[in-house]
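A short write-up of the structure that comes next.
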Amino acid sequence: MKIEISRRRFLQGSVALSVVGGTSLGLTSVFAESEEHGSDMVTTKTGTGPATEVATLCEMCVNKCAALARVENGVITKLNPNPMFPKSRNMLCPRGNAGIQSVYDPDRLKYPMIRIGEKGEGKFKRVSWDEAYEAILNGTDKFPGMAKILDEEKDNRSSFLFCAGEGMAEHTFKTFFSAFGSSNWLNHSSLCLQTVTSGYGVTIGAYALADLENAEYVIMAGANRAEAIVTPDTMDIFKRTKGRGAKMICIDPRFTNTAAKADKWLAINPGTDLAFVLALTYVILSEEIYDKAYVAENFNGFEEYKNSVLSNKYTPEWAEKITTIKAKDIYEIAREFMAHAPKAVYYPGRRSTFSNNDFQLRRAMAIFQALSGGIDTKGGLIFGKKLKLGEHEGLEPIYARAESRAIEKVKGEKGQSGYEDCAIVAGGGSWISWRNRYIEDKMPYKVRGMFIYKHNPMMNMPNIQKTAQMMKKMELVVAIDTMPTDTVMYADVVLPECTYLERTDPVKTFEGAEPAIAQRNKVIEPMFETKPVIDIMRGLTQKISKTLFGITKKYDEDVRDELALLESDPLSEDNNATTAVKKTLEQREAEVYAEFDMTKPFEQTQEEINEHIVKAIYGEGAVKALEEHGVFYPNMDRFFKQISANEHQYYPEKEKSYRVGNGKVKTESKKVECNLQAMAEKGIDPMPVWRDEYNFSVPDSKFRLLTGRHAQFTQSGTANNTVLLDLMSENYIWINRKVATEKGIEFGDLVEVSSSIGKTRLKAYPTEKIGPKMVFFIHGFGEESEALTWAYKNGGNDNAVIEDAIEPVYGASSMHETNVEIRKV
Amino acid sequence: MANYAMALDYKNCINCKACEVACKEENGVLKGADKHRIWVGANEVKGEWPNLDIVSATFVPSQCQHCEEAPCQDVCPTNATYYNEHGVVLVNAEMCILCSYCMNACPYDARYVDDRTATVDKCTFCSDTRLARGETTTACQNTCPTKVRTFGDLDDPNSEISELLRTREHFTLKSHLGTKPKLYYLT
């Protein structure tokens, strides 16, 4: 086996450095060794000698595709697709293939570190794990510890914010959050798919899946499946387009790779998809070509919605003026859709909130789909089946002093809280609302500390200057990550997690027509001093749990009462002592402490927990299958077979779960909810309607900024991956060719993009694939962390210019509401 | 003895470039955008926004065509470029003198310089990695999300590729040059 020079040197370097142990190294050596940079030989040829193969799940994006890692002499030399997982259908995308680089990235976090410079300066000292935990508990001369903060805040556990990115171990970190007892939790939802999941959730009871393997007609609007890869959707649809079984209509302001694969592409004004859907709905209602039998049985509020759409005259001619899509195309699409129904899909999409009307757009899409009868049926939207898993016990103690979520109180009542700029606060919260209120001192109590897991607030939300303000204001920031991200630079304590290929994660069940359970198995031992998050939580809780309980004892009335009762117990209740087993005071206090013992959920290893929750339901065979194949579902040994070099059978056709509820939706009423009066009470339109402020308008000399995803990059998470950077070295701004010519901008020219909140610079890509009133570039580039050799200041950062527009229902960030100016520099 | 070739259902290609990364990781191809054994050619859409001709926007995955009459093999002064027993065009690194005649002769621009071995390198159909281990697919075929590629033996009438070429219309690139390429594009 040949190992390329740099990887071998890198590995040898790791051994040498771990021997150095706890000695304090200089600033630069905490990150990558300088000689590890500059070499671009970072691929490894696979050998023909002995190798082992470990079944794992990819974590280069959110899809969790199944992979088989080839290991030779302890080095991962290749990641191959694992054919056994129905969701990922024997494929790995470019990022999945480049996952090896995340393990061998010389910039990755290697050791626990504590801040020695100014906040945000990125100056750290390498410490031992125990020293890091100690710093979290008791602080240093640079920052206060958790014990001091909680003591000063009189055990208000909510004085700490917890935030996490999406991932299989997010649950493990959330278990820590629950045990800690804070009510301040923020995750990616409000920067991601909050409005689409909730829009479908309140309308048809769930965010449904699209059966693109069998749909005959697909409207792909505002979803770019060729570039924003979702499995199995991407694989299923693109084998069937171009006259091969599925007609696909692509609606997008840009001519994307998805558009290139479509039968028809229609450019639309950004943020006006709702008008398009309302007009489609108008056609099928006025021409009475909707599925009347399905509607009669499965709709609530149909007549009101019908009256609204018809009386508001949402005609295709009306929509043409708003969207720029020709009325005749809208008539044709509506009629064709219904002709193919129920094997027709208005694709739900899976993306960030783009415009302020996104929630209403999703509602209108869900209702339109339901009007076709294409719900819970083959070729339409499906709910599928989900295989049950056992449970792992968490810990959710109640702290009397913990305040409810730090959001403005409505009517001044405890527990009755909300943000004034959004109607509903979902479980994941509203990141931007929370952040803005925090820096504006509008919090109902002090939040002074922050735990961040696999999350990059500095890169992931609009208006980076405000996020930087928030990070600086936090007195204790603990970041758990694999890479020295822009956010990690603001941390006081950095806890290095191992990469996904170095850990076993919580086993997970995947619903669908072909449901399965899958498990990420550890491929190699964690390198350097990194650890899986469950081990980090174990070590941290062992360090802090007793001390924090001491603070609770001091301030928590309920706990004090309980302990006082115990103390008085042997005396006052002496007449019962004959029956009760005598317990010492310590034993009794230990019983109370048990409710608050944060170490409990982390006692077992992840492997033990997985075994426990799988074995309880499916037996030992399933545990073995998950370890060996990474995948399990009942009858897998009989059902799974290879049909050809490129095709596999997961379930025989008659065993697939296309229809699980006889066409019923999953709302509480089992009806499609057209008219939500409860929303009206919160000031939200109870039915999707068009409002003038939704119209697309951009002042002269400005452009609407569009952002989006890419097949070769996952947000900022892959920005330092050298193999992916080979495919696209930086992001480019799409500018309409005529506009570029007028401005004298040519391909590769440096362009400054500016908005009311800031500016960024990147290179130009003049193209006919975008209209004259808009510009586009992909998200995730232009990082500011100097510890990221390849990502540092590479390309432009969209969040330096996107304004913090807040969607009114869930407080999600509206990513496409910003107008920018561009100039050649 | 086999006669290896590849069929490409190129209309499936979404230009994600999974094949390029799989090839680099499998075969230890040098990093660098100009160092690649396989690639996806993208034809920029024709027309003026918003009147664009969808059909003109195509993605064409490609690599060494393993020509039966390979110009690169023909011009090689040291016989470093040779056919193996399965009809795969390979390079002997020991014999290559970096004269780059092959690079100029190849009508498909399929050859590049590997600076480590000082060889004009190329696609091997994974002969020295996957096939040498007894595997039956190339890295690019195996990883492809939309399953563009089918690799196989033209001399085996029962192989999937033989079946595809019997039942599907197909074309080869620059066939007028008489190179007899063995990458078949299915229409």
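The values are calculated or read from the model by the stated rules, or taken from the named source; none is laboratory data. Keep in mind it's a predicted model, so treat the numbers as computed, not measured. Please note: Cβ atoms are built from the backbone with ideal geometry, for glycine as well, and neighbour counts cover all protein chains shown.
Just name the residue that is nearest to residue A:365 (Cα to Cα) out of those in segment A:695-716 that are at pLDDT below 95 and outside any loop (DSSP other than H, G, I, E, B). Checked segment A:695-716; the qualifying residue nearest to residue A:365 (Cα to Cα) is A:708.
Scan segment A:676-694 for residues that are in a loop (DSSP other than H, G, I, E, B) and either assigned by TED's automatic domain parsing to the domain that holds residue A:97 or aliphatic (A, V, I, L, M) (or both) and report the count. Selection size over segment A:676-694: 4. For segment A:284-333, the tally of residues that are in contact with an Asp or Glu (Cβ under 8 Å, 6 or more places away or on another chain) and under 17 Å from residue A:369 (Cα atoms) stands at 3.
Restrict the check to segment B:139-151 and report whether at least one residue is assigned to a strand (DSSP E or B), within 20 Å of residue B:1 (Cα to Cα) and either under 15 Å from the mean Cα position of the chain (by Cα) or not basic (Lys, Arg) (or both). Yes. Here residue B:84 meets each of (1) of a type outside the set (A, V, I, L, M, F, W, C); (2) more than 22 Å from residue B:186 (Cβ to Cβ); (3) touching a Leu at 6+ places or on another chain (Cβ under 8 Å); (4) within 14 Å of chain A (Cβ to nearest Cβ) with one exception, condition (4).
Identify all residues within segment A:738-750 that are in contact with a helix residue (DSSP H, G or I) (Cβ under 9 Å, 6 or more places away or on another chain) and either within 29 Å of residue A:787 (Cα to Cα) or within 11 Å of chain B (Cβ to nearest Cβ) (or both); write none if there are none. Result: A:749, single match. The set of residues from segment A:343-394 being within 27 Å of residue A:227 (Cβ to Cβ) and of a type in the set (A, V, I, L, M) comprises A:344, A:345, A:361, A:364, A:365, A:366, A:381, A:382. Look at (1) under 23 Å from the mean Cα position of the chain (by Cα); (2) surrounded by fewer than 23 Cβ atoms within 10 Å (Cβ to Cβ) and you find that residue A:235 fails only one, number (2). Would you be able to say whether some residue in segment A:672-682 is modelled with pLDDT under 95 and either of a type in the set (Asp, Glu) or in contact with a helix residue (DSSP H, G or I) (Cβ under 6 Å, 6 or more places away or on another chain) (or both)? There is at least one residue in segment A:672-682 that is modelled with pLDDT under 95 and either of a type in the set (Asp, Glu) or in contact with a helix residue (DSSP H, G or I) (Cβ under 6 Å, 6 or more places away or on another chain) (or both). Scanning segment B:123-133 for residues that are on the phi < 0 side of the Ramachandran plot and either more than 9 Å from chain A (Cβ to nearest Cβ) or in contact with a Pro (Cβ under 8 Å, 6 or more places away or on another chain) (or both) turns up B:123, B:124, B:127, B:131.
Among (1) facing chain A (nearest Cβ under 8 Å); (2) farther than 17 Å from residue B:185 by Cα; (3) among the hydrophobic types (A, V, I, L, M, F, W, C); (4) surrounded by 16 or more Cβ atoms within 10 Å (Cβ to Cβ), where does residue B:57 come up short? For residue B:57, the failing item is (2). Of all the listed residues (A:16, A:32, A:51), the sole one being buried (at least 20 other Cβ atoms within 10 Å of the Cβ) and either modelled with pLDDT under 95 or of a type in the set (A, V, I, L, M) (or both) is A:32.
Screening residue A:395 against (1) surrounded by 18 or more Cβ atoms within 10 Å (Cβ to Cβ); (2) modelled with pLDDT of 95 or more; (3) not hydroxyl-bearing (Ser, Thr, Tyr) leaves a single unmet condition, (2). Of the listed requirements (1) more than 23 Å from the chain's Cα centre (by Cα); (2) under 20 Å from residue A:354 (Cβ atoms), residue A:804 misses just one: (1). Of the residues that make up segment A:489-505, is at least one part of a loop (DSSP other than H, G, I, E, B) and within 16 Å of residue A:124 (Cα to Cα)? Looking through segment A:489-505, at least one residue is part of a loop (DSSP other than H, G, I, E, B) and within 16 Å of residue A:124 (Cα to Cα).
Comparison of A:327, A:293, A:341 shows that the only residue that is crowded, with 21+ Cβ neighbours inside 10 Å, small (Gly, Ala, Ser) and assigned by TED's automatic domain parsing to the domain that holds residue A:358 is A:341. Basic (Lys, Arg) and over 26 Å from residue B:187 (Cα atoms): does that describe residue B:37? Answer is no for this residue. Here is a check on your reading of the model: is residue A:746 surrounded by fewer than 18 Cβ atoms within 10 Å (Cβ to Cβ), in a strand (DSSP E or B) and either modelled with pLDDT of 95 or more or not polar (S, T, N, Q) (or both)? Considered against the rule, which asks whether it is surrounded by fewer than 18 Cβ atoms within 10 Å (Cβ to Cβ), in a strand (DSSP E or B) and either modelled with pLDDT of 95 or more or not polar (S, T, N, Q) (or both), residue A:746 comes out as no.
Contact map, segment B:15-35: residues that are more than 7 Å from chain A (Cβ to nearest Cβ) paired with residues that are not in a loop (DSSP other than H, G, I, E, B), Cβ distance under 6 Å, separation 6+ or inter-chain. Pairs shown: B:19/B:38; B:19/B:140; B:23/B:38; B:23/B:139; B:23/B:140; B:35/B:112. The residue that is farthest from the other protein chains (Cβ to nearest Cβ), among those in segment A:695-737 that are free of Cβ contacts under 8 Å to residues at least 24 places away in the same chain and not hydroxyl-bearing (Ser, Thr, Tyr), is A:700. Give the number of residues within segment A:72-102 that are more than 12 Å from chain B (Cβ to nearest Cβ) and within 23 Å of the chain's Cα centre (by Cα). Going through segment A:72-102 one residue at a time, the tally reaches 4.
Scanning segment A:507-561 for residues that are at pLDDT below 95 and in contact with a Ser or Thr (Cβ under 7 Å, 6 or more places away or on another chain) returns a single hit, A:559. Restricting segment A:716-763 to residues that are closer than 16 Å to residue A:94 by Cα and hydrophobic (A, V, I, L, M, F, W, C) leaves a set whose member that is nearest to the chain's Cα centre (by Cα) is A:719. Quickly run through segment A:153-166 and pick out the residues that are surrounded by 21 or more Cβ atoms within 10 Å (Cβ to Cβ), out of contact with any Leu (no Cβ under 9 Å at 6 or more places or on another chain) and under 22 Å from residue A:520 (Cβ atoms). Scanning segment A:153-166 gives a single hit, A:165. Residue count for segment B:152-187 under the criterion of being more than 8 Å from chain A (Cβ to nearest Cβ) and in a helix (DSSP H, G or I): the result is 10. For segment A:192-220, the set of residues classified as crowded, with 22+ Cβ neighbours inside 10 Å and within 13 Å of residue A:248 (Cα to Cα) consists of A:212, A:215, A:217, A:218, A:219, A:220, listed by residue number. Would a scan of segment A:273-291 turn up a residue that is at pLDDT 95 or above and either assigned to a strand (DSSP E or B) or over 24 Å from residue A:689 (Cα atoms) (or both)? No. Selection of strands (runs of 3 or more DSSP E) fully inside segment B:1-95 by the criterion of at least 1 residues being in contact with a strand residue (DSSP E or B) (Cβ under 8 Å, 6 or more places away or on another chain) and under 30 Å from residue A:225 (Cβ atoms) returns B:4-8, B:38-42, B:46-48, B:51-53, B:59-63.
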